[in-house]
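Participant: Have a look at the structure that comes next, please.
The values are calculated or read from the model by the stated rules, or taken from the named source; none is laboratory data. Here the structure is a predicted model, which is why all the values come from computation and not from measurement. Here the Cβ is made from the backbone with ideal geometry for all residues, glycine too, and neighbour counts use every protein chain on show.
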Amino acid sequence: MTTAAPALSFVIPLYNSAETIGAVVRAIDSLAIPGGHEVILVNDGSSDRTADVCRGLVNSANVSMTYVEHARNYGEHNAVLTGWRHARGAHIVNLDDDGQNPPGEAVRLWEHARTAGLDVVYGHFVVKQHAWWRNAGSWFTNRMTDWALDKPAGFYLSSFRCVTAFVAREVTGHMSPLPYIDGLILQVTQRIGSIEVRHVQREVGKSGYTLRRLLRLWLSAWVNFSVLPLRIATGLGLLMAFAGLIGFGWVLWLRLTDRGPTFGWGSLMVALLVFSGTQLVMLGLIGEYIGRMFIAINQRPQSVIREVLRKPE
């Protein structure tokens, strides 16, 4: 016998979350949601006791709960897509595993999505309780996506979002091993909005989000959905070529007027390093596009599921 679909699904990607996920799930468990709610936990290759803690939470929860375990670490966006595939709610909200996104604020996202008739509502953090370098990276990523993605200029994208089941179904049809969820969402709908939400201090542990992960997210946001980097590289190449022609004309004029040039080794090396560095940047950018095509063609899996554990309501 299948139970009725809940009104709201909470999807939480997990990575080494044994110390924090219990409090988050208990806070969600105590919510009163008209139409009911469920929780989907996606363990993305944690190396601590996250799996044992989650199995205990599934057994003790008062709401419908699903625990999904990845065979290895695939990244936050891959884990969110796995959770969306297992969610049954008419709306889905995904939040972090560290308790910095209060479940009560998630309910506000859901209520705004319903009353405003929006497909997606993002939580806009007035003050983010993260390290300065992560806040700076998020700011830069949002400014960069103003150019690369089809979104309103200055619109704040965050991982704390509520989407309809329609959007989740369309986005999860994308099977690339290097997904960028916000780019996929903007390809599906323009009925998006945002509200200001609280971002609280992390109480225990430390974030597993590293500078390397932030750079990988930045590349996915820019390279996966736009050829703008290639156009910038082309423009830069043309600019350097034009500068070279001007330099050649200047040197020729000095030679014809018998004024030199008498430049030495240093000037030659500077010019060589500038042009060689520009060429290497362009080759690296082209290689990034080709490398991602190679990974997709070889059908690298977006995720591999080791275990699914469900507790009906």
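Participant: Mind listing whichever residues of the stretch 67-118 are buried (at least 24 other Cβ atoms within 10 Å of the Cβ), in a loop (DSSP other than H, G, I, E, B) and of a type in the set (S, T, N, Q)?
Facilitator: Scanning the stretch 67-118 gives a single hit, ASN101.
Participant: Continuing with the same structure: Criterion first (assigned by TED's automatic domain parsing to the domain that holds THR20 and at pLDDT 90 or above) does HIS130 satisfy it?
Facilitator: So HIS130 fails the test.
Participant: Continuing with this model, one more query. Mind listing whichever residues of the stretch 151-185 are within 28 Å of ASP98 (Cβ to Cβ), among the hydrophobic types (A, V, I, L, M, F, W, C), at pLDDT below 90 and over 13 Å from the mean Cα position of the chain (by Cα)?
Facilitator: Result: PHE155, single match.
Participant: Same structure again: Output yes when any residue across the stretch 32-45 is assigned by TED's automatic domain parsing to the domain that holds ALA168, assigned to a helix (DSSP H, G or I) and closer than 29 Å to THR115 by Cα, and no when none is.
Facilitator: So far as the stretch 32-45 goes, no, none of its residues is assigned by TED's automatic domain parsing to the domain that holds ALA168, assigned to a helix (DSSP H, G or I) and closer than 29 Å to THR115 by Cα.
Participant: Still on this model: Of the residues ASP119, ASP52, ASP98, which single one is without any contact (Cβ under 8 Å) to a residue 40 or more places away in the chain and of a type in the set (Asp, Glu)?
Facilitator: Checking each option against the conditions leaves just ASP52.
Participant: Please work out which residue is modelled with the highest pLDDT, limiting yourself to the stretch 286-303 and to residues that are among the aliphatic types (A, V, I, L, M) and surrounded by fewer than 11 Cβ atoms within 10 Å (Cβ to Cβ).
Facilitator: Looking at the filtered set, the residue picked out is ILE290.
Participant: Inside the stretch 186-202, can you point out the residues that are surrounded by fewer than 16 Cβ atoms within 10 Å (Cβ to Cβ) and either within 17 Å of the chain's Cα centre (by Cα) or without any contact (Cβ under 8 Å) to a residue 60 or more places away in the chain (or both)?
Facilitator: Across the stretch 186-202, the qualifying residues are GLN187, GLN190.
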